[in-house]
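For reference, the structure is listed below as structure tokens.
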Amino acid sequence: MSFAALGLIEPLLVTLNALDYQTPTPVQKEAIPAVLKGRDLLAAAQTGTGKTAGFALPLLQRLTQQGPQVASNSVRALVLVPTRELAEQVQQSLLAYGQNLPLRCYAVYGGVSINPQMMKLRKGIDILVATPGRLLDLYRQNAVRFEQLQALVLDEADRMLDLGFARELDELFCALPKKRQTLLFSATFSDAIRAMAKELLRNPLSIEVSPRNAAAKSVKQWLIPVDKKRKAELFLHLLAQQRWGQVLVFAKTRKGVDALVEELLAEGVSADAIHGDKPQPSRLRALERFKAGEVQILVATDVAARGLDIHDLPQVVNFDLPIVAEDYVHRIGRTGRAGATGEAISLVCADEVDQLAAIETLIGQVLQRRDEPDFIPDHRVPLTAPGGAILKKPKKPKQKLVPGSGASAGGKGNIHLGRWFEGDDNKPKVKAVRQVPKLGGGGAKAGGKLGGKPAGKKPR
Ligand code: AMP
């Protein structure tokens, strides 16, 4: 099937030809004709399957063909996104797809000065891409009006809720005209999203082009068990041994990102960081440098996971597993995009077994383990099984320590097992002489609460 068969107009077909988009992807095949007809949409699309063009192309066409010219400070279509990076990326896509159309597209997000955004909005914008917090600021300052709004797109809606934007979204929804077209896109669907869809959408067409919460099939995934303190060493080892080219690496915290970048730079590997503490211009610069191939390794927190579109990225490495299982799908969706093959490798330590089990439940598969001979962990990563089960190692019987029996118990600096039993009556004589960490692993607990808020600064 061709794009022409979907009913797209000539200027868009010329652009798609120039971009070398030859055939529509499955989500585009379903979404484009429906959106052109004015239908609401509820779309669960695999990451990297072309969903941006799925809503951008028909919206650009409808706005070109219908409706009055945009008035001052007004917008005709609004695309709400969770992160600054995604806002930039959707804006770039709109500019690319709309290059032969007489429409104005623009993106607003927090972390940068609001004044230039207010100036730009004065002329009116046909398609505005925005993060909810900054849009609300602009709305409250009368810099943006919604009377002319014809269409609302919620992109990565689940992520907006994860990032705590529910209140801002509610306030914005109240400010929008009730009569409009609404398109809701999300890679993963929670019950909260389905409830939101029920409230916002009118007789929507539901599109589910991939199994729920699945990652692209073209991505090979596996994990390497490793002790936490040896992760950086293992990463450097893999980088050299596997002769990796560019790698996108995800770490849990901003501090973790900076520490790894520092370590890589010290080893002479070119690396840069993207996380919520960095000012927006430096985040964009890091991404541009990575895209241009000037930097080999880009290390990011999950804040960056959704917005990055990097062509032919062969490797994604989870230096830490994400706290929120859904983020795993988004992270590894940065590779294997638009049919390319990719690899997603997770470096997993014993502490992360709960996160691992949650991810495996979500994606419906147990990740293959590949031991790296020189990096077999001292702290064993408990085995997992389908359905999120964690197979704990059978506990060893408790060791009895009897003073004077040869077992060391009491001298300064000695290691104690916490409880010290004497003889046969099994009553503790000395309680918790000196607590020491369990040696030998087995059943280590994950620190983070699953389903909690991901690290990263909320864009405003
Ligand atoms: P998205 O899922 O919207 O982030 O798109 C993923 C990538 O696929 C982007 O790099 C797009 O430029 C690319 N893409 C989208 N649609 C097509 C298509 N029909 N043919 C080739 N590439 C596409």
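The values are calculated or read from the model by the stated rules, or taken from the named source; none is laboratory data. Because the structure is a prediction, the values reported are computed rather than measured. Counting neighbours? That spans all protein chains shown, and the Cβs are built from the backbone with ideal geometry, glycine included. In case anyone asks, the SASA skips ligands and DNA or RNA and just uses the protein heavy atoms, side chains included. Shrake-Rupley method; radii C 1.70, N 1.55, O 1.52, S 1.80 Å.
Within the stretch 243-265, which residues have the backbone N less than 11 Å from the label spot 7 Å out from Gln296 along Cα→beta-carbon, could you tell me? It comes to 243-247, 264-265, nothing else. On full extension, the segment bounded by Met1 and Lys120 gains 38.9 nm, given 0.36 nm per residue less the C-alpha separation. Taking packing as the residue-averaged number of other Cβ atoms within 10 angstrom, the listed peptides 172-183, 124-135, 241-252 run from highest to lowest as 124-135, 241-252, 172-183. Direction-averaged projected area, Cα convex hull, the stretch 219-391: 9.4 nm², rounded to one decimal. The three principal axes of the Cα atoms in the stretch 4-208 give end-to-end lengths of 44, 39, 30 Å, sorted in falling order. From most to least packed by mean Cβ count within 10 Å, the peptides 315-324, 382-391 give 315-324, 382-391.
For the listed residue pairs Lys229/Lys255; Lys229/Lys278; Lys37/Lys120; Lys220/Lys291, the alpha carbons are over 19 angstrom apart in Lys229/Lys278; Lys37/Lys120; Lys220/Lys291.
For the stretch 1-129, relative contact order (Cα pairs under 8 Å, six or more residues apart, normalised by length) works out to 27 percent.
Once the 1.4 Å probe is applied to the protein heavy atoms, the stretch 92-203 comes out at 42 Å² accessible per residue.
The simple spin-label model puts a point 7 Å past each Cα toward its Cβ; for Cys174 and Gln69 those points are separated by 3.5 nm.
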